[in-house]
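Heads up: the structure comes next, in C-alpha cells.
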Amino acid sequence: MRRDYCKEFIGRCIEKGLTAVSITDHHEGVYVYEALQALAEMQEADPDLNFWIFPGMELTCKDSCQALIIFDVDLAQNLFEKARSRLSLPADVKPEERLGIQVELLNHNLEELQSLLDGDDELQGRFIILPHVKPDGHKTVLRRGFHKRFKDMPYVGGYMDKARPDDLKPGDRRILDGEIPAWASEKRGVVSCSDARHADFRLIGNHATWIKLASPKAESLRQAMLAPDSRIRHSEPALPEALISELSVSGSKYLTDGTYLFNPQMNSIIGGRGAGKSTLIEYVRFALGCSAIDDDQDTQTTATQRLKEILEGTLDHEIGEISLKVLLNGTPITLTRTVARQDVISVETEGSVSLSSVADVRMLVPTQQYRQGELSDLARGDAEERLLRLVTAPASHQLSEIETKLKRNAQSLTDALSKAVRLSASQHAQSHAQTKILLLKSQIENLEKQLSADGQVPATAITEHENFTRQGEALASARRVLERSKETIGDSLSDLISKLNVATTGQPVFLENETLRQVFNSLQTAILPGGSLQTILESATAWFDSELGKISSAEKDWAPILEAHIREYEEQKKLLAGKEAVLESIERLRGQLSEVEEQLEAAEVEVNELRNADSELVALRHQRAELEVQLSAVVQNQIATIEEASSQLANGRLAQDPNYSEIEEAIQQAFELPRLRGLRIERILKNVQNVPEKPAKWKEIQDEALQLLKWKEGAAEDKGDAPLTPILSEALGPEFMERLKEAISTERVSVLLRAILRPRVEVFHIRDGSPIEFRKASQGEQAATLLNILMNQTHGPLIIDQPEEDLDNMIINEIIKTIRAAKDNRQLILATHNANIAVNGDSENVIQMVLGRQAAGGAIDEEPVCDAITNTMEGGRVAFELRRKKYNF
C-alpha cells in the first residue's frame, strides 16, 4: 500500500516537472526510505528516469526554532537512524503503525546541531541544516532580538514554507541578502517549500525552487547556498539563446582525441602553463570560423601568430577535424571543420548537411571571443573599430540587417548610376539627332529645288525616291519595335506568373478563413478580364508572331517593287544631264539622314526604357542616406546602455566627428590623377570635416562628381559648357580639374556614391565620479570596464582566454558579481589561472587540462574537481592553509 502510494507520489512530482524532492516526516524517515525503494523499482523498469529523493528531518529546537536537515540521497537508513540518535531523538519509530511518534522539542539549541552531527565521521559532510527564515513565520529565526544569533549561526542557507524571497518586505529581503550588517554580511541561499501534506498531492510544486546541483549530495546543496545568485532561482530560469554543448577533437597531435562537454552557463578551463587551455579554446574558435587561421593576416599579433602555428602544428593536415555541437534557441546544430578543407564548415541540422563559408558560420552562431591581453588592446587608438563592435554587439542583428541593406543598396546604386548616365547620354544623343535631322532635311529640300530650277521637271522615279526609301525603313522599324516588345512583354508576364506561383504555393495556411482563401485563389488562377495571365501571355505571343508574319509577307511583296523602282531611278538619273552632282549630294544627305534617324530611334527607345533612371538613382541615394541615419541611431541607442552595462564604470556618446575612413578612401580612388598631391585630396575631405552638416556637404561633393560625369558622357558635339563644380574646382585647381574632366568615369563616381559617414563612439572611464578618456585609463580599468560590458550583453557565448591577465586583483571580486549575474543571459567559456574567477564565480563546469588531456571535469561540488582547483590554482591544501594562517583569517 505504501509502496504504491510512493510510486503515485513520484509520478505526480514528475508530472509537475520536479526532478528532486526532500521528504521529511518529521524525524522518523519511514516514508522517505519507502519512497527510495519505490524509485529504485521504477528506475529498474525505466533506466532513463532521472529523479532524486533526499532524506530529511524537520526539527523544532529547544529555543523554539525550526530547521530542516537534508541528507545525501544515498545516505543509508542506518546512518539516518544514527543521526536521529546523535540528536537524542526518540528511536521507537514503529513504521508499521498508522500514527507516528509524538513530536517533542529537541534538548539542543539550533546552532548546536551542526557540531553534534559533524562529531560522527560517517555523517560529517553528508548533511546540510536549513533554519526556518520566513519573517513572522512559525518558529522562525528571523524575528526580533535574534539578529546576533542569526549572524553567528554556522548555517549558509535557510528555508521558508509557502513563500518566496520575492514575496518579502524590502527590509526582510535585505537581511537575507546580507545588506544589514547587524544581521549578516553575506547573502543566504533560501529554499521555498510547498509543505505538501495532503494525500491528493494538491500542493506539490506550488512553491518549487530551481537549484543547480552537480550531484545528489548535501555538499551540492551547500555550494548552492553559498552562491545563491548563481545557483538558486524561485521562478523558472531561461537558458541563453545560443550555447556550445560539446567539442569533439579528432586527429590532434597534442590534445587527446575525444569529447569535451560544456555547461550552458559558466565554464572554467584550468591547468598549468602548457596544459592545453589556449589550444582547447582555439579549437572551439576554429570550428566557429574565428580562429587565428581566419584572422586578417595584416592585423595579426605575435600571440595570434603563435596560436596559428599551434593550430597548424597540432591538427593533422589530412585527418585533423573539430566538431562543435551548438544549440540555437533549442535547435541542435553540429559544425564540423577539417584542416584539409578549412575554407568551408559543414553545418548539420535536423538531418540535413550543407557546406557553409567561414563568414556565414560566424553570422549563424553569434559569439564574442578574446585572446590573452586582447581586452586591454581594445583601448588602443588603432582598435577603435573593435571597440565599436564590442559596444554594439547586442544590436548586431539590427546592424547586420542594415549592413545587408547597404550592400544591396550599393549594388542597385551602381546599376542605377550606370542607367542614369546612359539616360543622360541618350537624352543628349536624342537632342543632337533631332537638331541634325532638321538640318539635313533643310539641305535636302534646297537641293531638290535645284533639280527643277531650269524648268525641267524630274521624272516620278526621282521625286518619289525618298518615299520608296522611307517605306522600306518603316517596315524595318516596325519589325524592330515588335521584336523588342515581344521580348519585353513576354519576359515580364512570365516573370510575374513565376513569382505569383512562388508567393501562393501552400497558401493559405488557414483554410477556414474565407477572405484569405479568396485572395490566394484569385492570385493562383490570375484571371483578368481577358482571361488568365497564362492565356494572355499565350495570346500576346501569338499576336506578335502573327504581326511579325504579316511584316515578313509585306517585306517579301515590297522587295521586287523596290528593286524595280531602283532600276528606273538609276535610268532616270542618267537623263538629268548636268545635275548628277546635285543628285549625288541628295543621296549622300539622305544616307546621313537615314543613319541619324536610326540613331534617333535608338536614342528614343533608350530614353523610354530608362525614363525612370534618374528618379531611381535619387530614391536609392535617399535610401542610403536613411540607412546611414539608422546606423547612427542604433549605435547611439547602444551607447546609452554603456553606463548600466559597465556597472557604472563607464559612459559613452556618439562622437561629433564620425568615422571618415570610408569617404576618405572613396575620395582617393575617385580623384586619383597623375602627380596629384595628397594635400589636394585632403582639401576635399576638409570640406566635409569643417562643417556642422557633414552628410549634406558630402552629398554636394557627390552631386558635383555626378553632374561632371553626365556632362562628359553626353554627345561629344553637343556638350556645352562643363557644369559648375565649386568644391572640386577650389580643391583641385584648374589644371587638375581639366584632367578630372577626362578621367571621370562611372566607376569613380560609383565609389563616391557608395561611401557613407559611419558612426564613431567615444567611451569614458569613470574614476572617482569623473569621466576620463578611455585610452587614458589604466589597463586594469579598461579591461574591467570592457569585461563588465561584455558580461552584461547577451550576444551568444563569450569566450575569453585568461581575462585576469588584463585585470587588477582588487577589481576581480567586483567582476565576480557581474559574472554571477551574466550567466543567466549568456554562456561563458573562460580559461583562467585565477581561483577567484572559477570558485567565487561559481563555475558550473570546470575542465582541468594536464599535458593536453582532460584530467577532471564538472562542478566544484565534485571531489576530483575540488582537488584539481586546490592543487592547480591554490598550490595545494597545505599552501592554502599556510596562507590562511599567515593572513590570520
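Table for the structure above
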{"quantity": "Unit charges at the beta carbon, dipole of the chain: most positive-side option, 434, 61, 852", "calculated": "61"}
{"quantity": "Whole-Hz ³J(HN,Hα) from phi, Karplus 6.51 cos²θ - 1.76 cosθ + 1.60, for the range 798-803, glycine and proline x", "calculated": "10, 10, 10, 9, 6, x"}
{"quantity": "Charged-residue dipole, Cβ positions (Lys, Arg, Asp, Glu), the chain about Cα centre, Debye nearest 20", "calculated": "2500"}
{"quantity": "Cα gyration tensor, the chain - rounded (a/c under 1.5), prolate or oblate", "calculated": "prolate"}
{"quantity": "Overall form of the range 283-377 per C-alpha gyration tensor (a/c, 1.5; a/b vs b/c)", "calculated": "oblate"}
{"quantity": "Distance from the range 1-58 to the range 776-792 (C-alpha centre basis), Å", "calculated": "49"}
{"quantity": "Eligible aspartates and glutamates near residue 499 by straight Cα distance, threshold 17 Å, same-chain separation 8 or greater", "calculated": "491"}
{"quantity": "Percentage relative contact order, the chain, counting C-alpha pairs under 8 Å, at least six apart", "calculated": "15"}
{"quantity": "As computed over the range 459-575, the Cα convex hull volume per residue (Å³)", "calculated": "99"}
{"quantity": "Ellipticity estimate at 222 nm from DSSP helix runs (n ≥ 4, -39,500 (n - 2.57)) divided over the chain, nearest 500", "calculated": "-16500 deg cm²/dmol"}
{"quantity": "DSSP beta bridge pairing in the chain, given as percent antiparallel to the nearest 5", "calculated": "70"}
{"quantity": "Among 518, 475, 565 - extreme Cα towards positive end, dipole of the range 459-575, charges at beta-carbon", "calculated": "518"}
{"quantity": "Full-extension gain in nm, residue 592 to residue 352, via 0.36 nm per residue minus C-alpha separation", "calculated": "79.8 nm"}
{"quantity": "With Cα atoms, 0 to 90° folded angle of helix 613-639 axis to the chain main axis", "calculated": "20"}
{"quantity": "Nearest 10 degrees, 0 to 90: helix 533-575 Cα axis against the chain principal axis", "calculated": "20"}
{"quantity": "Per-peptide average of other Cβ atoms within 10 Å, ordering 650-660, 536-546 highest first", "calculated": "650-660, 536-546"}
{"quantity": "Interchain or long-range residues, amide H under 5 Å from residue 876's placed H", "calculated": "871"}
{"quantity": "For the range 282-355, size of Cβ-based charge dipole, Lys and Arg +1, Asp and Glu -1, in debye", "calculated": "220"}
{"quantity": "Placed amide H near residue 315: partners under 5 Å, 5+ positions off or other chain", "calculated": "253"}
{"quantity": "Charge-dipole axis of the range 134-196 as Lys and Arg at +1 and Asp and Glu at -1 on Cβ define it, positive-most pick from 183, 165, 193", "calculated": "183"}
{"quantity": "Radius 12 Å from Cβ of residue 3, net charge of other residues (Lys, Arg +1; Asp, Glu -1)", "calculated": "-2"}
{"quantity": "Estimated inter-spin distance, residue 359 and residue 257, nm [label 7 Å along Cα→Cβ]", "calculated": "3.5"}
{"quantity": "Antiparallel content of DSSP bridges confined to the range 2-233, in %, to 5", "calculated": "55"}
{"quantity": "Segments 553-566, 143-156, 121-134, 692-705 sorted - mean Cβ within 10 Å per residue, highest first", "calculated": "121-134, 692-705, 143-156, 553-566"}
{"quantity": "Peptides ranked, highest mean first, by Cβ atoms within 10 Å: ranges 232-239, 756-763", "calculated": "756-763, 232-239"}
{"quantity": "Reach of residue 741 by Cα under 28 Å, taken over lysines that are not fewer than 8 positions away in the same chain", "calculated": "419, 436, 686, 694, 697, 699, 710, 712, 719"}
{"quantity": "Positive minus negative residues near residue 237 (Lys, Arg vs Asp, Glu; Cβ under 15 Å)", "calculated": "0"}
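Any read-out appearing in this document is the output of simple, stated calculations on the displayed coordinates, not a laboratory observation. All values derive from a computational prediction rather than experimental measurement. Neighbour counts are summed over all protein chains in view; Cβ atoms, including those assigned to glycine, are modelled from backbone coordinates with ideal geometry.
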